[in-house]
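Enquirer: What follows is a structure written as structure tokens; I'll ask about it next.
The values are calculated or read from the model by the stated rules, or taken from the named source; none is laboratory data. Values in this document were obtained by computation on a predicted structure and should not be read as measured data. When we count neighbours, we look across all protein chains shown, and the Cβ atoms used for this are built from the backbone with ideal geometry, even at glycine.
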2 protein chains.
Amino acid sequence: MTLNLPIALDAMGGDKAPEAVVHGARIALKYFPDLRYIFYGDEAAIAPLVHRHKLEDRSVIYHTDVAISSQERPSVAIRKGKASSMRLMLDAVAKGEASACVSSGNTGAFMAMAKLVLKTLPGILRPAITATIPARTRPVVLLDMGANIDCTADYLVQFALMGDAYAKAVLGIDTPTVGLLNVGEEEMKGHDELKLAHQMLRGITGSLAYHGFVEGNDILEGTTDVVVTDGFTGNVALKTAEGASRLFYGTVKQAIESSVWAKMGYLLARGAIKMALRRFDPRKHNGAILLGLNGVAIKSHGGADAKSFANAIKVAATMVQQNINQRITVELARHPISAPALPVAASV
Amino acid sequence: MTLNLPIALDAMGGDKAPEAVVHGARIALKYFPDLRYIFYGDEAAIAPLVHRHKLEDRSVIYHTDVAISSQERPSVAIRKGKASSMRLMLDAVAKGEASACVSSGNTGAFMAMAKLVLKTLPGILRPAITATIPARTRPVVLLDMGANIDCTADYLVQFALMGDAYAKAVLGIDTPTVGLLNVGEEEMKGHDELKLAHQMLRGITGSLAYHGFVEGNDILEGTTDVVVTDGFTGNVALKTAEGASRLFYGTVKQAIESSVWAKMGYLLARGAIKMALRRFDPRKHNGAILLGLNGVAIKSHGGADAKSFANAIKVAATMVQQNINQRITVELARHPISAPALPVAASV
């Protein structure tokens, strides 16, 4: 695909920067051969890597020696990090010098800075961290993954519209189904805001395929293409699912290693098992979007390696190519939030 | 273990009643050989089963033909279900005719009825659904699993004390560690009530080993013996973990069946894998406790088979044998809730 717009990259963010960042930029050319890059960070460290990965003719390096550490509080990062690689990268997007940016750095700082620098899209109340995770039969879009601890019905309705637009644009699904995460009807009733959001979403006709409430087990079952929830629940659900997969995998692995017969059996079965599990490789799903911002900002995992970072760049480029923010704006303008916003404790 | 107290059983609750209930009662004698039973339900259906499973000399049958359906709303169940098997079973516990009761029936109805009939223990603000789930290295006690959608700091602190008492009494852990479920510190700050509960728990010294905040992935990692959360998050987390395990298991199974070599390999490895996964058999973990009630009421899974139901009876008998409710009362009296309770929407 031809896309020769420049992508700004934080070459100081994450455990494996700058190597994973520059190498990842190289790998991303597989998906978008004409991408250009602006690297922000330590020029002396970046330049040889850019040379090694043959990116000179498509790269610019902006030197800075200010990095936002992973422990930095968002408020401090904003106040003291004006010359940081993360901030300069966001400024480039705000000024139109870059079309999108990607960082594996401190999530809280990145979110707070991105909100301050890029602002939200017209009509958006709150941006949401949006991730794509592999479910049984297809990828599922999950939001909010942690930007907003408390969510009013209005936020949730907007998340549904944003998730819908994202699934259409990035995953190429014509009519994505959207579910609202709740607990079993037979056991209890759900938060008031959740019930209100449910009613509001039921009222949106035409463009949105609202499925209704879904439960925790529906997320990975792939019952709907999009699952909407508040940032607290989304964060816990995602981390619990990761923990469950790790536990299951670890248990089976240990069992196999404990017996000679099992080891031999595994030698025969492993090709098929590896192939089946390939789809769940977290590197293929790296790149969470701060959806709702007036600009494309992608959060890559802090431990991302080159292959993983390349995927985050791919997400960034796809967002630009598909004009996702414009689509969200159009979608939101069609469904202005009419219910009064209830007071909710601010987050981040 | 000798325990010849009578346990009341709902022989009309769940998909497999009465067969799974009576057969389960037989199996439970493996753990407590001297248990006695009071069955509530259709005598014509129960009597032959009691005969078949040789339980005549230790059983009484109370006939009723009123069952609470799984779709019944809790409020309707309370109003119209006064002669139901579920209600009569709870009445028996309240009157002291039975030491504990177990039902695989409608969760919402059971919880509402149990609260009405048994009342809460002195000082308890809200009962919590408490389950034991298998984590990497040990079982973990998780509460609340869905009784209370919204939780004040007070509720959470009481859940921590109840979970602690439960882990000591039922799991036999001398000094259980207790974690409070939250999202990554570096990303955001958590609910105000959560932060307040954290402070209150930090202030409890001596008997409680409060670990601090834990995240979703810590639940199945077994970072702490007890994980405390609100009923909404707990319900979503548990169901998400179940969904993740099912997805992983299904993917591996399908991969093995897709190739002849993999099938042969599995024949060799399957003994070791099955042995390793045995610990995660949900039937071994059936039986959620409505903790905080003035009486022992155990909720068994709606789809429980005989083996599964036997485990729920085992949990009930252990609760009685270990005097768990008295221990909770003592524990709570030592740590009276001092912070003012904030207004929270009622649930159930």
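Enquirer: Given (1) at pLDDT 95 or above; (2) within 23 Å of residue B:291 (Cα to Cα), where does residue B:64 come up short, assuming only one miss?
Expert: Looking at each condition in turn, residue B:64 falls short on (2).
Enquirer: Now, a different point. Being among the basic types (Lys, Arg) and either in contact (Cβ under 8 Å) with a residue 60 or more places away in the chain or touching a His at 6+ places or on another chain (Cβ under 9 Å) (or both) is the filter here; which residues of region B:264-283 pass it? Talk me through it step by step, then tell me what you get.
Expert: Our first condition is that a residue be among the basic types (Lys, Arg); within region B:264-283, this holds for B:270, B:274, B:278-279, B:283.
Those that are among the basic types (Lys, Arg) and either in contact (Cβ under 8 Å) with a residue 60 or more places away in the chain or touching a His at 6+ places or on another chain (Cβ under 9 Å) (or both): B:279, B:283.
Enquirer: Moving on to the next point. Restricting the search to region A:261-270, which residues are more than 7 Å from chain B (Cβ to nearest Cβ) and within 12 Å of residue B:252 (Cα to Cα)?
Expert: A:270
Enquirer: Please determine whether any residue of region A:156-167 is touching a residue at least 60 places away in the same chain (Cβ under 8 Å), β-branched (Val, Ile, Thr), part of a helix (DSSP H, G or I) and touching a helix residue (DSSP H, G or I) at 6+ places or on another chain (Cβ under 7 Å).
Expert: Yes, some residue in region A:156-167 is touching a residue at least 60 places away in the same chain (Cβ under 8 Å), β-branched (Val, Ile, Thr), part of a helix (DSSP H, G or I) and touching a helix residue (DSSP H, G or I) at 6+ places or on another chain (Cβ under 7 Å).
Residues are listed down the side, and each one gets a yes or a no for (1) assigned to a loop (DSSP other than H, G, I, E, B); (2) more than 14 Å from residue B:11 (Cα to Cα); (3) in contact (Cβ under 8 Å) with a residue 60 or more places away in the chain; (4) within 14 Å of chain A (Cβ to nearest Cβ):
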| position | (1), (2), (3), (4) |
| --- | --- |
| B:54 | yes, yes, no, no |
| B:57 | no, yes, no, no |
| B:60 | no, no, no, no |
| B:69 | yes, no, no, yes |
| B:76 | no, yes, no, yes |
| B:89 | no, no, yes, no |
| B:97 | yes, yes, yes, no |
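Enquirer: Can you name the residue in region A:138-152 that is surrounded by fewer than 24 Cβ atoms within 10 Å (Cβ to Cβ) and of a type outside the set (Asp, Glu) and is also modelled with the lowest pLDDT among such residues?
Expert: A:138
Enquirer: Condition (residue is at pLDDT 95 or above, outside any helix (DSSP H, G or I) and out of contact with any strand residue (DSSP E or B) (no Cβ under 9 Å at 6 or more places or on another chain)) applied to region B:302-319: is it met by at least one residue?
Expert: yes
Enquirer: Identify, by number, the condition in (1) surrounded by fewer than 16 Cβ atoms within 10 Å (Cβ to Cβ); (2) within 30 Å of residue A:95 (Cβ to Cβ) that residue A:249 doesn't meet.
Expert: Here residue A:249 clears every test but (2).
Enquirer: Output yes when any residue across region A:219-233 is within 14 Å of chain B (Cβ to nearest Cβ), part of a helix (DSSP H, G or I) and without any contact (Cβ under 8 Å) to a residue 24 or more places away in the chain, and no when none is.
Expert: Our first condition is that a residue be within 14 Å of chain B (Cβ to nearest Cβ); within region A:219-233, this holds for A:219-224, A:227-233.
In the following step, the residues that additionally are part of a helix (DSSP H, G or I) were identified as A:219-221, A:231-233.
From the residues that got through so far, the ones that are without any contact (Cβ under 8 Å) to a residue 24 or more places away in the chain too are none.
No: region A:219-233 contains no residue that is within 14 Å of chain B (Cβ to nearest Cβ), part of a helix (DSSP H, G or I) and without any contact (Cβ under 8 Å) to a residue 24 or more places away in the chain.
Enquirer: Would you confirm, using the coordinates I've provided, whether residue B:212 is at pLDDT 95 or above and assigned to a strand (DSSP E or B)?
Expert: Details: at pLDDT 95 or above: no; assigned to a strand (DSSP E or B): yes.
No; evaluated as a whole, the condition is false for this residue.
Enquirer: Testing residue A:180 on (1) over 30 Å from residue B:290 (Cβ atoms); (2) among the aliphatic types (A, V, I, L, M); (3) crowded, with 23+ Cβ neighbours inside 10 Å, one condition comes back false. Which one is that?
Expert: (1)
Enquirer: Could I ask something else about it? Only one residue in A:70, A:99 is surrounded by fewer than 24 Cβ atoms within 10 Å (Cβ to Cβ) and closer than 30 Å to residue B:230 by Cα. Which one?
Expert: Numbers: A:99 fails: closer than 30 Å to residue B:230 by Cα.
Among A:70, A:99, only A:70 is surrounded by fewer than 24 Cβ atoms within 10 Å (Cβ to Cβ) and closer than 30 Å to residue B:230 by Cα.
Enquirer: Sort through B:121, B:142 and tell me the only one that's on the phi < 0 side of the Ramachandran plot and away from every other protein chain (no Cβ under 13 Å). Lay out the reasoning, then the answer.
Expert: Numbers: B:142 fails: away from every other protein chain (no Cβ under 13 Å).
Going through B:121, B:142 in turn, the sole match is B:121.
Enquirer: Under the condition of being aliphatic (A, V, I, L, M) and out of contact with any strand residue (DSSP E or B) (no Cβ under 9 Å at 6 or more places or on another chain), which residue from region A:195-235 is farthest from residue B:232 (Cα to Cα)? If you could, list the steps in order and put the result at the bottom.
Expert: Here is the first cut: in region A:195-235, the residues aliphatic (A, V, I, L, M) are A:196-197, A:200-201, A:204, A:208-209, A:214, A:219-220, A:226-228.
Filter once more, so that each one left must be out of contact with any strand residue (DSSP E or B) (no Cβ under 9 Å at 6 or more places or on another chain): A:196, A:200.
Numbers: A:196: 16, A:200: 21 Å.
If we take residues in region A:195-235 being aliphatic (A, V, I, L, M) and out of contact with any strand residue (DSSP E or B) (no Cβ under 9 Å at 6 or more places or on another chain), then A:200 is farthest from residue B:232 (Cα to Cα).
Enquirer: While we're looking at this one, here's another question. Looking only at region B:161-194, count how many residues are over 18 Å from residue B:216 (Cβ atoms) and either away from chain A (no Cβ under 14 Å) or at pLDDT 90 or above (or both). First the steps, then the outcome.
Expert: First pass over region B:161-194, keeping only residues over 18 Å from residue B:216 (Cβ atoms): B:161-162, B:164-176, B:192-193.
Add one more test, that the residue is either away from chain A (no Cβ under 14 Å) or at pLDDT 90 or above (or both), and what stays is B:161-162, B:164-176, B:193.
Residues in region B:161-194 being over 18 Å from residue B:216 (Cβ atoms) and either away from chain A (no Cβ under 14 Å) or at pLDDT 90 or above (or both): 16 in total.
Enquirer: Let me ask you something else. When the residues of region A:257-296 are filtered to those that are of a type in the set (Lys, Arg) and assigned to a helix (DSSP H, G or I), which remaining residue is farthest from residue A:332 (Cα to Cα)? Spell out how you get there, then give the answer.
Expert: Filtering region A:257-296 for residues of a type in the set (Lys, Arg) gives A:263, A:270, A:274, A:278-279, A:283-284.
The next check asks that each one be assigned to a helix (DSSP H, G or I); those that pass are A:263, A:270, A:274, A:278, A:283-284.
Working: A:263: 55, A:270: 47, A:274: 42, A:278: 36, A:283: 31, A:284: 30 Å.
That would be A:263.
Enquirer: Okay, moving on. Return the pair list, or none, for Cβ contacts closer than 7 Å from residues in region A:245-260 that are facing chain B (nearest Cβ under 7 Å) to residues that are among the polar types (S, T, N, Q), at least 6 apart or on different chains.
Expert: Final answer for the pair search is A:248/B:245.
Enquirer: Next up: Just checking, which of B:206, B:190, B:179 is touching a His at 6+ places or on another chain (Cβ under 7 Å) and not in a helix (DSSP H, G or I)?
Expert: Working: B:206 fails: touching a His at 6+ places or on another chain (Cβ under 7 Å); B:190 fails: touching a His at 6+ places or on another chain (Cβ under 7 Å).
The unique qualifying residue is B:179.
Enquirer: Also: What tally of residues in region A:144-156 results from selecting those that are closer than 20 Å to residue A:109 by Cβ and of a type in the set (A, V, I, L, M, F, W, C)? Reasoning before the result, please.
Expert: Quick first cut of region A:144-156, residues closer than 20 Å to residue A:109 by Cβ only: A:144-149.
Pick out the ones that are also of a type in the set (A, V, I, L, M, F, W, C) and you get A:145, A:147, A:149.
Adding up the residues that qualify gives 3.
Enquirer: Do the conditions hold for residue B:244, that is, is it closer than 25 Å to residue A:272 by Cβ, crowded, with 24+ Cβ neighbours inside 10 Å and of a type outside the set (Ser, Thr, Tyr)?
Expert: Values: closer than 25 Å to residue A:272 by Cβ: yes; crowded, with 24+ Cβ neighbours inside 10 Å: yes; of a type outside the set (Ser, Thr, Tyr): yes.
When the stated conditions are applied, residue B:244 passes them.
Enquirer: Moving to a separate point now. Do we find that residue A:298 is more than 12 Å from chain B (Cβ to nearest Cβ), in contact with a strand residue (DSSP E or B) (Cβ under 6 Å, 6 or more places away or on another chain) and either under 30 Å from residue A:194 (Cα atoms) or modelled with pLDDT under 90 (or both) in this structure?
Expert: Numbers: more than 12 Å from chain B (Cβ to nearest Cβ): yes; in contact with a strand residue (DSSP E or B) (Cβ under 6 Å, 6 or more places away or on another chain): yes; either under 30 Å from residue A:194 (Cα atoms) or modelled with pLDDT under 90 (or both): yes.
Criteria met by residue A:298.
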